[in-house]
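> Handing you this structure, nothing more for now.
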Amino acid sequence: MTGLVAAGCGGDGAPVVSAPTESTSASGTAEAAPGVPAAPPSLPAPAPTGGVAVGPGGVPVAVVGGGDGQWLVRTPCDEEVVLDAVSYEPSAEVVVDPGHGGAEAGAVGPGGTREADVNLAIAERVVARLRSAGRTAVLTRTGDYQVSIAFRAELAVRAGATVFVSVHNNTVPDGPAPGPGTEAYYQASSPDSRRLAGLLHEETSAALSGREVAWVADTDAGAKPRLNAAGTDYYGLLRGAAGVTSVLLEIAFLSNPAEEALLIDPAVQEELADAVGEGIERYLTTADPGSGFVDPYPRDLGVGGDGTAGPGCIDPPL
Ligand SMILES: [Zn+2]
(Lines give C-alpha, C1' and ligand atoms only; values in the text may rest on other atoms or scores of the structure.)
Protein backbone atom coordinates (compact mmCIF):
# COMPACT_ATOMS: atom_id res chain seq x y z
CA MET A 1 0.00 0.00 0.00
CA THR A 2 1.13 3.51 -0.55
CA GLY A 3 0.13 6.46 1.54
CA LEU A 4 -2.01 7.87 -1.22
CA VAL A 5 -4.32 4.93 -1.75
CA ALA A 6 -7.37 4.71 0.46
CA ALA A 7 -7.78 0.98 0.08
CA GLY A 8 -5.64 -1.59 -1.62
CA CYS A 9 -1.98 -1.32 -2.22
CA GLY A 10 -1.54 -1.14 -5.96
CA GLY A 11 0.16 2.20 -5.90
CA ASP A 12 -0.49 5.51 -7.44
CA GLY A 13 -1.66 6.03 -10.95
CA ALA A 14 0.72 6.83 -13.70
CA PRO A 15 0.04 8.42 -17.01
CA VAL A 16 0.52 6.54 -20.17
CA VAL A 17 3.94 5.13 -20.93
CA SER A 18 5.06 6.44 -24.25
CA ALA A 19 4.83 4.08 -27.14
CA PRO A 20 8.09 2.57 -28.31
CA THR A 21 9.93 5.04 -30.48
CA GLU A 22 13.26 5.11 -32.17
CA SER A 23 15.81 6.73 -29.94
CA THR A 24 17.67 9.69 -31.28
CA SER A 25 20.60 9.22 -28.95
CA ALA A 26 23.58 6.91 -29.03
CA SER A 27 21.75 3.97 -30.55
CA GLY A 28 21.56 5.60 -33.92
CA THR A 29 25.30 5.90 -34.40
CA ALA A 30 27.33 3.31 -36.19
CA GLU A 31 30.28 3.35 -33.80
CA ALA A 32 30.32 2.90 -30.07
CA ALA A 33 30.95 6.05 -28.09
CA PRO A 34 34.32 6.22 -26.36
CA GLY A 35 34.26 4.35 -23.10
CA VAL A 36 31.03 2.54 -23.86
CA PRO A 37 31.52 -1.20 -23.58
CA ALA A 38 30.24 -3.27 -26.45
CA ALA A 39 27.84 -6.10 -25.77
CA PRO A 40 29.39 -9.56 -25.78
CA PRO A 41 29.56 -10.90 -29.32
CA SER A 42 27.51 -13.97 -28.40
CA LEU A 43 24.43 -11.83 -27.95
CA PRO A 44 22.11 -11.00 -30.80
CA ALA A 45 21.98 -7.42 -31.94
CA PRO A 46 19.55 -5.49 -29.78
CA ALA A 47 16.14 -4.98 -31.25
CA PRO A 48 15.80 -1.30 -31.90
CA THR A 49 12.67 -0.69 -29.92
CA GLY A 50 12.07 -3.51 -27.54
CA GLY A 51 13.01 -6.49 -25.47
CA VAL A 52 14.41 -7.05 -22.03
CA ALA A 53 18.13 -6.86 -21.31
CA VAL A 54 19.99 -7.87 -18.20
CA GLY A 55 23.37 -6.49 -17.21
CA PRO A 56 26.05 -7.87 -14.89
CA GLY A 57 23.99 -6.85 -11.85
CA GLY A 58 21.13 -9.13 -12.84
CA VAL A 59 18.55 -6.36 -13.08
CA PRO A 60 16.05 -6.61 -15.96
CA VAL A 61 15.77 -3.37 -17.91
CA ALA A 62 13.67 -2.28 -20.87
CA VAL A 63 15.47 -1.96 -24.18
CA VAL A 64 14.44 1.30 -25.81
CA GLY A 65 17.09 1.44 -28.52
CA GLY A 66 20.21 -0.28 -29.65
CA GLY A 67 22.38 -1.61 -32.38
CA ASP A 68 26.06 -2.08 -33.09
CA GLY A 69 26.69 -3.54 -29.68
CA GLN A 70 25.04 -0.77 -27.74
CA TRP A 71 22.03 -1.33 -25.55
CA LEU A 72 20.10 1.79 -24.74
CA VAL A 73 17.86 0.86 -21.85
CA ARG A 74 15.41 2.35 -19.37
CA THR A 75 16.18 1.58 -15.75
CA PRO A 76 13.86 0.88 -12.81
CA CYS A 77 14.22 4.54 -11.82
CA ASP A 78 13.35 5.71 -15.34
CA GLU A 79 16.87 6.71 -16.32
CA GLU A 80 17.98 6.09 -19.90
CA VAL A 81 21.49 4.63 -20.01
CA VAL A 82 23.74 2.50 -22.18
CA LEU A 83 24.11 -0.96 -20.68
CA ASP A 84 26.74 -3.64 -21.15
CA ALA A 85 24.15 -6.37 -21.45
CA VAL A 86 24.95 -9.97 -20.62
CA SER A 87 21.63 -11.41 -21.71
CA TYR A 88 18.74 -10.34 -23.87
CA GLU A 89 15.20 -11.51 -24.49
CA PRO A 90 13.71 -9.90 -27.60
CA SER A 91 10.27 -10.65 -26.22
CA ALA A 92 8.53 -12.41 -23.35
CA GLU A 93 5.13 -14.05 -23.35
CA VAL A 94 4.57 -13.25 -19.71
CA VAL A 95 5.87 -10.42 -17.54
CA VAL A 96 5.38 -10.85 -13.79
CA ASP A 97 5.61 -7.78 -11.60
CA PRO A 98 6.36 -8.10 -7.88
CA GLY A 99 4.77 -4.97 -6.44
CA HIS A 100 6.79 -2.40 -4.46
CA GLY A 101 10.45 -2.88 -3.42
CA GLY A 102 13.31 -0.99 -1.84
CA ALA A 103 12.08 2.02 0.12
CA GLU A 104 8.52 1.12 -0.87
CA ALA A 105 7.61 -1.75 1.44
CA GLY A 106 3.96 -1.77 0.44
CA ALA A 107 1.68 -3.17 3.12
CA VAL A 108 3.39 -4.30 6.33
CA GLY A 109 1.90 -7.15 8.31
CA PRO A 110 1.41 -7.06 12.09
CA GLY A 111 4.43 -9.35 12.39
CA GLY A 112 6.56 -7.01 10.32
CA THR A 113 6.33 -8.85 7.01
CA ARG A 114 6.90 -6.51 4.08
CA GLU A 115 4.55 -6.88 1.18
CA ALA A 116 7.42 -6.22 -1.25
CA ASP A 117 9.18 -9.37 0.00
CA VAL A 118 6.10 -11.60 -0.16
CA ASN A 119 5.24 -10.32 -3.64
CA LEU A 120 8.77 -11.10 -4.86
CA ALA A 121 8.78 -14.58 -3.32
CA ILE A 122 5.53 -15.46 -5.07
CA ALA A 123 6.43 -13.77 -8.38
CA GLU A 124 9.77 -15.58 -8.57
CA ARG A 125 7.95 -18.88 -8.18
CA VAL A 126 5.42 -17.91 -10.86
CA VAL A 127 8.20 -17.18 -13.34
CA ALA A 128 10.01 -20.41 -12.46
CA ARG A 129 6.80 -22.38 -13.01
CA LEU A 130 6.10 -20.70 -16.35
CA ARG A 131 9.65 -21.26 -17.57
CA SER A 132 9.54 -24.91 -16.59
CA ALA A 133 6.42 -25.16 -18.75
CA GLY A 134 8.35 -23.73 -21.68
CA ARG A 135 7.08 -20.16 -21.51
CA THR A 136 9.28 -17.11 -21.84
CA ALA A 137 8.70 -15.14 -18.67
CA VAL A 138 10.53 -12.28 -16.99
CA LEU A 139 10.27 -10.35 -13.75
CA THR A 140 10.13 -6.57 -13.53
CA ARG A 141 12.07 -6.74 -10.25
CA THR A 142 14.55 -9.38 -9.11
CA GLY A 143 15.61 -8.02 -5.72
CA ASP A 144 14.76 -5.52 -3.03
CA TYR A 145 15.09 -2.26 -4.91
CA GLN A 146 12.77 0.51 -5.98
CA VAL A 147 11.00 0.26 -9.32
CA SER A 148 8.75 2.96 -10.74
CA ILE A 149 5.21 2.19 -11.83
CA ALA A 150 6.02 3.59 -15.26
CA PHE A 151 9.02 1.27 -15.65
CA ARG A 152 7.02 -1.81 -14.72
CA ALA A 153 4.45 -1.02 -17.40
CA GLU A 154 7.07 -0.09 -19.95
CA LEU A 155 8.93 -3.36 -19.46
CA ALA A 156 5.73 -5.25 -20.27
CA VAL A 157 5.16 -3.11 -23.36
CA ARG A 158 8.77 -3.35 -24.57
CA ALA A 159 8.71 -7.11 -24.03
CA GLY A 160 5.65 -7.37 -26.25
CA ALA A 161 4.07 -9.43 -23.49
CA THR A 162 0.89 -11.39 -24.07
CA VAL A 163 0.18 -11.35 -20.34
CA PHE A 164 1.28 -8.91 -17.63
CA VAL A 165 0.43 -9.72 -14.01
CA SER A 166 1.30 -7.50 -11.07
CA VAL A 167 1.45 -9.42 -7.79
CA HIS A 168 0.33 -7.63 -4.61
CA ASN A 169 -1.06 -8.36 -1.19
CA ASN A 170 -3.55 -6.14 0.49
CA THR A 171 -4.35 -4.02 3.51
CA VAL A 172 -7.26 -1.96 4.87
CA PRO A 173 -10.08 -4.51 4.46
CA ASP A 174 -13.69 -3.65 5.01
CA GLY A 175 -13.96 -6.34 7.67
CA PRO A 176 -14.23 -10.05 8.49
CA ALA A 177 -15.31 -12.36 5.69
CA PRO A 178 -16.24 -16.01 5.25
CA GLY A 179 -13.50 -16.61 2.68
CA PRO A 180 -10.43 -15.07 1.11
CA GLY A 181 -10.80 -11.53 -0.24
CA THR A 182 -8.78 -11.92 -3.40
CA GLU A 183 -9.10 -8.95 -5.76
CA ALA A 184 -8.11 -8.97 -9.42
CA TYR A 185 -8.17 -5.58 -11.13
CA TYR A 186 -8.52 -5.56 -14.89
CA GLN A 187 -8.23 -2.94 -17.61
CA ALA A 188 -11.77 -1.62 -17.86
CA SER A 189 -11.79 -1.39 -21.65
CA SER A 190 -10.23 -4.81 -22.30
CA PRO A 191 -12.33 -8.00 -22.45
CA ASP A 192 -9.08 -10.00 -22.49
CA SER A 193 -7.89 -8.34 -19.32
CA ARG A 194 -11.28 -9.04 -17.74
CA ARG A 195 -11.06 -12.73 -18.63
CA LEU A 196 -7.51 -12.97 -17.30
CA ALA A 197 -8.65 -11.35 -14.05
CA GLY A 198 -11.49 -13.82 -13.72
CA LEU A 199 -9.14 -16.75 -14.21
CA LEU A 200 -6.54 -15.42 -11.78
CA HIS A 201 -9.25 -14.70 -9.22
CA GLU A 202 -10.72 -18.16 -9.66
CA GLU A 203 -7.39 -19.94 -9.25
CA THR A 204 -5.92 -17.89 -6.40
CA SER A 205 -9.08 -17.72 -4.30
CA ALA A 206 -9.55 -21.47 -4.79
CA ALA A 207 -5.98 -22.06 -3.64
CA LEU A 208 -6.69 -20.16 -0.42
CA SER A 209 -10.22 -21.41 0.23
CA GLY A 210 -10.75 -24.37 2.46
CA ARG A 211 -8.36 -23.20 5.12
CA GLU A 212 -9.74 -22.50 8.57
CA VAL A 213 -8.62 -18.90 8.67
CA ALA A 214 -10.20 -15.75 10.11
CA TRP A 215 -10.40 -14.09 6.71
CA VAL A 216 -10.92 -10.41 6.04
CA ALA A 217 -12.04 -8.80 2.80
CA ASP A 218 -13.58 -5.86 1.07
CA THR A 219 -17.29 -6.30 0.55
CA ASP A 220 -16.71 -6.08 -3.21
CA ALA A 221 -13.88 -8.61 -3.38
CA GLY A 222 -13.56 -10.28 -6.76
CA ALA A 223 -12.52 -9.52 -10.31
CA LYS A 224 -13.33 -5.91 -11.10
CA PRO A 225 -12.14 -2.66 -12.62
CA ARG A 226 -11.12 0.35 -10.56
CA LEU A 227 -11.80 3.63 -12.28
CA ASN A 228 -10.41 7.03 -11.42
CA ALA A 229 -12.20 10.36 -11.39
CA ALA A 230 -11.50 10.71 -15.11
CA GLY A 231 -13.30 7.45 -15.85
CA THR A 232 -10.19 5.53 -16.87
CA ASP A 233 -8.23 2.85 -15.02
CA TYR A 234 -7.16 4.14 -11.63
CA TYR A 235 -3.97 2.10 -11.53
CA GLY A 236 -1.22 3.71 -13.58
CA LEU A 237 0.24 0.26 -14.09
CA LEU A 238 -2.85 -0.78 -16.03
CA ARG A 239 -3.00 2.49 -17.97
CA GLY A 240 0.69 2.41 -18.78
CA ALA A 241 0.47 -1.14 -20.10
CA ALA A 242 -2.48 -0.39 -22.38
CA GLY A 243 -2.32 -2.79 -25.33
CA VAL A 244 -0.88 -5.54 -23.13
CA THR A 245 -3.43 -7.75 -21.37
CA SER A 246 -2.76 -6.82 -17.76
CA VAL A 247 -4.10 -7.55 -14.29
CA LEU A 248 -3.18 -6.23 -10.87
CA LEU A 249 -3.75 -9.04 -8.40
CA GLU A 250 -4.26 -8.55 -4.65
CA ILE A 251 -3.97 -12.11 -3.39
CA ALA A 252 -4.70 -11.84 0.35
CA PHE A 253 -4.61 -9.38 3.24
CA LEU A 254 -1.14 -9.12 4.70
CA SER A 255 -2.54 -6.79 7.37
CA ASN A 256 -4.51 -9.71 8.83
CA PRO A 257 -2.38 -11.81 11.24
CA ALA A 258 -3.93 -15.07 10.05
CA GLU A 259 -3.28 -14.26 6.41
CA GLU A 260 0.20 -12.95 7.14
CA ALA A 261 0.98 -16.36 8.64
CA LEU A 262 -0.11 -17.97 5.38
CA LEU A 263 1.74 -15.57 3.13
CA ILE A 264 5.13 -16.09 4.79
CA ASP A 265 4.87 -19.87 4.49
CA PRO A 266 7.01 -21.02 1.54
CA ALA A 267 4.64 -23.91 0.89
CA VAL A 268 1.72 -21.50 0.60
CA GLN A 269 3.78 -19.20 -1.61
CA GLU A 270 4.37 -22.19 -3.87
CA GLU A 271 0.66 -23.02 -3.95
CA LEU A 272 -0.21 -19.43 -4.77
CA ALA A 273 2.41 -19.31 -7.51
CA ASP A 274 0.97 -22.50 -8.96
CA ALA A 275 -2.46 -20.88 -8.90
CA VAL A 276 -1.27 -17.72 -10.63
CA GLY A 277 0.64 -19.78 -13.16
CA GLU A 278 -2.39 -21.98 -13.81
CA GLY A 279 -4.56 -18.91 -14.31
CA ILE A 280 -2.09 -17.61 -16.87
CA GLU A 281 -1.87 -20.99 -18.63
CA ARG A 282 -5.65 -21.25 -18.82
CA TYR A 283 -5.82 -17.74 -20.26
CA LEU A 284 -3.26 -18.65 -22.91
CA THR A 285 -4.58 -22.09 -23.82
CA THR A 286 -8.35 -22.11 -23.21
CA ALA A 287 -11.41 -19.94 -23.73
CA ASP A 288 -12.45 -20.33 -20.08
CA PRO A 289 -14.28 -17.20 -18.96
CA GLY A 290 -13.08 -16.98 -15.36
CA SER A 291 -15.33 -16.09 -12.47
CA GLY A 292 -15.77 -13.87 -9.44
CA PHE A 293 -16.76 -10.77 -11.38
CA VAL A 294 -18.21 -7.99 -9.26
CA ASP A 295 -19.21 -4.38 -9.65
CA PRO A 296 -17.07 -2.32 -7.29
CA TYR A 297 -18.75 0.11 -4.97
CA PRO A 298 -17.91 3.77 -5.60
CA ARG A 299 -14.69 5.13 -4.16
CA ASP A 300 -13.35 8.65 -4.18
CA LEU A 301 -9.97 7.97 -5.73
CA GLY A 302 -8.97 11.11 -7.61
CA VAL A 303 -7.12 10.66 -10.86
CA GLY A 304 -3.87 9.12 -9.59
CA GLY A 305 -0.40 10.51 -9.61
CA ASP A 306 2.54 10.35 -11.97
CA GLY A 307 4.03 6.87 -11.89
CA THR A 308 7.49 7.85 -12.99
CA ALA A 309 10.33 7.62 -10.49
CA GLY A 310 10.62 10.32 -7.88
CA PRO A 311 13.87 12.11 -7.04
CA GLY A 312 14.60 9.66 -4.23
CA CYS A 313 14.70 6.64 -6.54
CA ILE A 314 18.14 5.03 -6.69
CA ASP A 315 18.82 2.37 -9.28
CA PRO A 316 20.51 -0.83 -8.13
CA PRO A 317 23.82 -1.74 -9.78
CA LEU A 318 22.85 -2.77 -13.28
ZN1 LIG B 1 0.84 -3.59 -3.08
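The values are calculated or read from the model by the stated rules, or taken from the named source; none is laboratory data. The shown structure was predicted, so the numbers you read here are calculated from the model rather than taken from an experiment. Here the Cβ positions follow ideal geometry from the backbone for every residue, glycine too, while neighbour counts run over all protein chains shown. Ligands, DNA and RNA are stripped out before the accessible areas are found, and what is left, the full protein with its side chains, is counted by its heavy atoms. Shrake-Rupley method; radii C 1.70, N 1.55, O 1.52, S 1.80 Å.
> Please list, in order along the stretch 169-174, the HN-Hα scalar couplings obtained from phi with the Karplus expression 6.51 cos²θ - 1.76 cosθ + 1.60 (θ = phi - 60°), rounded to whole Hz, x for Gly and Pro.
For the stretch 169-174, the Karplus-derived couplings read 10, 10, 8, 6, x, 6 Hz, x marking Gly and Pro.
> Can you list the HN-Hα couplings for the stretch 230-242, worked out from phi with the Karplus curve (6.51, -1.76, 1.60; θ = phi - 60°), rounded to whole Hz and with x for Gly and Pro?
3J(HN,Hα) across the stretch 230-242, in whole Hz: 8, x, 10, 4, 5, 6, x, 4, 6, 5, x, 9, 3.
> Something else: Applying a 10 Å radius around every beta-carbon, put 239-250, 199-210 in order of their mean neighbour count, most first.
Order by mean packing, descending: 239-250, 199-210.
> With bins 10 Å wide starting at 0, give me the P(r) of the stretch 107-161 over every alpha carbon pair, in whole percents.
21, 46, 27, 6
> Moving to a separate point now. Rounded, prolate or oblate: which one fits the stretch 48-149, using the alpha carbon gyration tensor with axes a ≥ b ≥ c (rounded when a/c is under 1.5, else prolate when a/b beats b/c, else oblate)?
oblate
> May I ask you to evaluate 6.51 cos²θ - 1.76 cosθ + 1.60, the Karplus curve with θ = phi - 60°, for each residue of the stretch 144-155 and list the ³J(HN,Hα) values in order in whole Hz, giving x for glycine and proline?
My calculation for the stretch 144-155 gives 9, 9, 6, 9, 6, 4, 4, 5, 4, 5, 5, 4 Hz in order.
> Check LEU227: other-chain or 5+ apart residues with amide H under 5 Å from its amide H, H built from backbone geometry?
Long-range HN contacts for LEU227: TYR234.
> For ALA287 and ALA128, what is the calculated FRET efficiency with R₀ set at 22 Å and r taken between the beta-carbons, to the nearest 0.05?
Numbers: r = 27 Å, r/R0 = 1.22.
Using R0 = 22 Å, I get an efficiency of 0.25.
> Looking only at the stretch 149-172, which residues have a backbone nitrogen under 20 Å from a spot 7 Å from the Cα of GLU79 in the C-beta direction?
Under 20 Å, as judged by backbone N against the label point of GLU79, lie 149-155 of the stretch 149-172.
> With a 1.4 Å probe and all protein chains kept in place, how much accessible area does TYR297 have, in Å² rounded to the nearest 10?
The accessible area of TYR297 comes to roughly 80 Å².
> What is the sum of charges, Lys and Arg at +1 and Asp and Glu at -1, for the other residues whose Cβ falls under 12 Å from the Cβ of LEU284? Walk me through the numbers before you get to the answer.
Working: positive: ARG135, ARG195, ARG282; negative: GLU93, ASP192, GLU278, GLU281, ASP288.
Cβ neighbours under 12 Å give a net charge of -2.
> Once you have the Cα-Cα distance between SER91 and ALA261, take 0.36 nm times their residue separation minus that, and quote the gain in nm to one decimal.
Numbers: separation 170, 0.36 × 170 = 61.20 nm, distance 3.65 nm.
Length gained between SER91 and ALA261: 57.5 nm.
> Same structure, new question: For a test of the definition: using alpha carbon positions, the gyration tensor, and the 1.5 limit on a/c, classify the stretch 211-318 as rounded, prolate or oblate.
Values: a/c = 1.34, a/b = 1.21, b/c = 1.10.
Here the stretch 211-318 falls in the rounded category.
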